[in-house]
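Data block below; observations after.
Just so you know, all these numbers are worked out from the coordinates, no wet-lab data involved. Keep in mind that what you see is a predicted model, and the values were worked out from it rather than measured. As a convention, Cβ positions derive from the backbone with ideal geometry for all residues, glycine included, and neighbour counts pool all protein chains shown.
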Amino acid sequence: MQGATAMQLLVNIDVDDLRKAAAFYCNAVDLTVGRRFGADGVELLGASSAIYLLAKAEGSTPSEFTDQRRTYRRHWSPVHLDFVVDDIEVALQKAISAGARLEQPIRTSNWGKLALLADPFGHGFCLVQFLGKGYDEIGSVEPPQ
């Protein structure tokens, strides 16, 4: 489509302590604070998409359509963030020093290296270091069957 702009992706992460969360992500994966939105949010820059930390109290409900409550103990979600790094060993030590918890040590495959972690707010995330042709080592353009 000529003249169309690409859709912009914004990432939002609920946390119960904005100051602690901003410090974690700035120290763990080298993001920087952009704008602040009073006591309700902080914009983090330095990734391919802006990341917004949103202050949400523990125990609050994320939607009127669920009886689930926010918890900042380790939880599972089908959505998580992958941070692509140049040197996974260095990045892993930096993330752990900032407060991340290592859940699965670095695994190496033909496309790259992967480590699974959790942030101090219970959100899972991965560190990824591509090797060779990265995902092109295993990817195809054929439709799934």
- Task: Quick one: what are the phi-derived ³J(HN,Hα) couplings along region 25-36, Karplus 6.51/-1.76/1.60 with θ = phi - 60°, whole Hz, x for glycine and proline?
- Result: 5, 5, 7, 6, 10, 6, 7, 10, 6, x, 7, 10
- Label-to-label distance, nm, for residues given as Gln8 and Glu58 (7 Å Cα→Cβ offset): 3.4 nm
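Which percent, nearest 5, of DSSP beta bridges in the chain are antiparallel? Please report the intermediate quantities before stating the final value.
Numbers: 20 of 29 bridges.
Antiparallel bridges make up about 70 percent of those DSSP assigns within the chain.
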- Task: Specify the angular offset, from 0 to 90 degrees and rounded to the nearest 10, of the alpha carbon long axis of helix 88-98 from the longest principal axis of the alpha carbons in the chain.
- Result: 10 degrees
- Item | Max mean-square fluctuation residue, GNM over the chain, Cα-Cα springs under 10 Å, options Gln93, Gln68, Gln104 | Gln68
- Query: What number, rounded to the nearest 500 deg cm²/dmol, is the helix-based mean residue ellipticity at 222 nm of the chain, given -39500 (n - 2.57) per DSSP H run of at least four residues and division by all its residues?
  - Reply: -5000 deg cm²/dmol
- Item | Alpha-carbon centroid distance for the pair region 21-47 / region 76-145, whole angstrom | 20 Å
- Largest-first ellipsoid semi-axes for the chain, taking √(5λ) over the Cα gyration tensor eigenvalues, angstrom: 27, 21, 17
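Highest mean first, how do 19-25, 79-85 rank when packing is the count of other Cβ atoms within 10 Å averaged over residues?
Put in order of decreasing packing, that is 19-25, 79-85.
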